[in-house]
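What follows draws every value from the coordinates through simple rules; no lab data is involved. As the structure is a computational prediction, the values presented were derived from the model and not from experiment. Backbone-built Cβ (ideal geometry, glycine too); neighbour counts: all protein chains shown.
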Amino acid sequence: MSGPIPAHIEPRKLVDREIVLKGTVAAVKMPRLSALLDAPAGDVQVELAFARDEQGIATLHGHYAVEVALICQRCLEQVVVPLDSQCDVGFVTSDEAAKQLPRHYEPVIMDDEPLDLHALIEDELLLALPAVPMHPMETCQHPPGYQPDPEEPEAEKTEKPNPFSVLASLKRDT
């Protein structure tokens, strides 16, 4: 299926039919992500594949892509960062079942309520954000008003004695 990604779904139904959803989600529908951005982001490209794995576990394989504007922590100017994230979710009914999932699945505990798909996508994009966004070193500029530390005078650049030179003389004595 293509088109806008629905906000809420019934995962069991989609898993049983092995549905693949492809479409977009407006980034403005993700308030936690939008709060961290320097400028509004475009639509998030989403592909979600629901299926059962070889063990019979109800799963979701998701792929999400969007470009976001953040503040470079080196020059304090805007930097556009491409986010490209994937996740593998295993749907379970209890905490005990979540502990039994293979490690490569992120557990999502299902109850009788529909799954908030936009919140799940937003969580994955938040995890994909870089901890320290920066431009590449060769393109990053200093912020306006930046003054580098003055160079040390030549007199202060003389070499200081090595504190371990005493050990070298002890080694020669043996």
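Only lysines eight or more places from Lys99 in sequence, or on another chain, were considered; those with a Cα closer than 26 Å are Lys13.
Where nothing but the Cβ of Lys and Arg (+1) and of Asp and Glu (-1) is charged, how large is the charge dipole of the chain around its Cα centre, in debye to the nearest 20?
Using Cβ point charges on Lys, Arg, Asp and Glu, the chain gives about 260 debye.
Once the other residues with Cβ under 15 Å from the Cβ of Gln45 are scored (Lys, Arg +1; Asp, Glu -1), what is the net sum?
Details: positive: Lys22, Lys29; negative: Asp43, Glu47, Glu67, Asp84, Glu122, Glu124.
Result for the local shell: -4.
To one decimal place, what Kirkwood hydrodynamic radius in Å is obtained for the chain from all pairs of distinct Cα atoms?
Values: mean 1/r = 0.0493 Å⁻¹.
This gives a value of 20.3 Å.
For the peptides 128-135, 93-100, the ranking by packing is 128-135, 93-100, with the highest mean count of neighbouring Cβ atoms within 10 Å listed first. Ordering Ala128, Gln55, Thr93 by Cα displacement along the dipole of the stretch 2-128 toward the positive end leaves Ala128 in first place; charges were set at the Cβ atoms of Lys, Arg (+1) and Asp, Glu (-1). Using the alpha-carbon atoms, what tilt in degrees (0 to 90, nearest 10) does helix 117-128 show relative to the longest principal axis of the chain? Relative to the chain, helix 117-128 is tipped by roughly 20 degrees. Annotation: peptides 41-53, 109-121, ranked by per-residue average of other Cβ atoms within 10 Å with the highest first, follow the order 41-53, 109-121.
If you take the Cα centroid of the stretch 71-117 and the Cα centroid of the stretch 37-68, the two points sit 9 Å apart.
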